Every structure is written in structure tokens, then in C-alpha cells.
Amino acid sequence: MQTETERPGLRQRNRAAVLSCLHRHGNLSRKQLSSMLHLTPAAMTKIAAELIGEGLISENGEVATHSAGRREIYLTLNPAARCALGVWLGLGAAILSAVRMDGEVLFSETVPLPVCAEADATVRLLSHRLKALSERHAIEPE
């Protein structure tokens, strides 16, 4: 079996898989995630620690169990940690939007554009408007 350092992009794919799984299924323990994603417990622990450190996920209560031993802790997605900014460019208009990790739309605005606008002027206009909308909705630049 190859390690994350031997396969380029494996670490990023595993992180994305964990986030996707939490998005689809809600709260899950490290054990549940490692089983669903076929990750070793050590790999899952490392990925969870990184994602918690970045604020993308958090620990959220204990898994109910009747057995003795160490209790499993739920991990949950922090939907407010990041968002995606989108630009749809059409003839005569553009739509600027921001969506959180849980799918909540933070804003969506149609910006009219001149049909024969220069590309540089259009990019400047849309980037300034997107920056203003992001600031209004307290979206951090990173």
C-alpha cells in the first residue's frame, strides 16, 4: 500500500472525501469515517486533526454506546468555515454568487453587462462587485 507521500494528491483526495462524507451523512465518528472511506485509523486521526485545526470540522458530542472503553466522538462539518464564490457569465449579464459548504446561498446578484464590453473592463467590474458583495456578507478573502 502506498503512503500519502508516495502518491501525489492522495492527501487532498482523502481530505475531500472526509468533508464530502460529512456533508452527505452529517455527524460521524472517526471510526465510522475510516470504515466508510477505507482509511486506516492513523490516517483518519491525522486528517481529522488537520481539518479541526483549520476550522473545517469540529468535534460534536459522543457516540451513544453501551460498551466499555474509550467513547467515540462525533465529527461535524463547519459549514460557515468556507464558501465558494461563483461567476456565471452570459450575454448582457453576469450572476455573482456565494455558497457555503452546506449549500446555503449567501448571495446571488445579477449584474447587467454591456453586450460589446471589453474583456478587461468586464473582469474589473465583476471583481470589484464580487469583492463588495463578499465584504458586505463578511466573507473572509482566504
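The values are calculated or read from the model by the stated rules, or taken from the named source; none is laboratory data. The shown structure was predicted, so the numbers you read here are calculated from the model rather than taken from an experiment. Because the Cβ atoms are built from the backbone with ideal geometry, glycine has one as well, and the counts that use them run over all protein chains shown. The area values use the complete protein model at the heavy-atom level, side chains included, leaving out ligands, DNA and RNA. Shrake-Rupley method; radii C 1.70, N 1.55, O 1.52, S 1.80 Å.
What to note about this one:
- Filter pass, Thr122 being polar (S, T, N, Q) and touching a Pro at 6+ places or on another chain (Cβ under 9 Å): yes
- Residues being over 19 Å from Glu140 (Cβ atoms), modelled with pLDDT of 90 or more and surrounded by fewer than 18 Cβ atoms within 10 Å (Cβ to Cβ) are represented in the stretch 58-69 by at least one member.
- Among the candidates Gly92, Gly86, residue that is at positive phi, in contact (Cβ under 8 Å) with a residue 12 or more places away in the chain and either surrounded by fewer than 11 Cβ atoms within 10 Å (Cβ to Cβ) or in contact with a Leu (Cβ under 9 Å, 6 or more places away or on another chain) (or both): Gly92
- The stretch 95-142: number of residues that are open to solvent by 40 Å² or more (accessible area, probe 1.4 Å) and assigned to a strand (DSSP E or B): 9
- Extreme residue, nearest to Asn78 (Cα to Cα), among residues of the stretch 40-56 that are open to solvent by 30 Å² or more (accessible area, probe 1.4 Å) and assigned to a loop (DSSP other than H, G, I, E, B): Glu54
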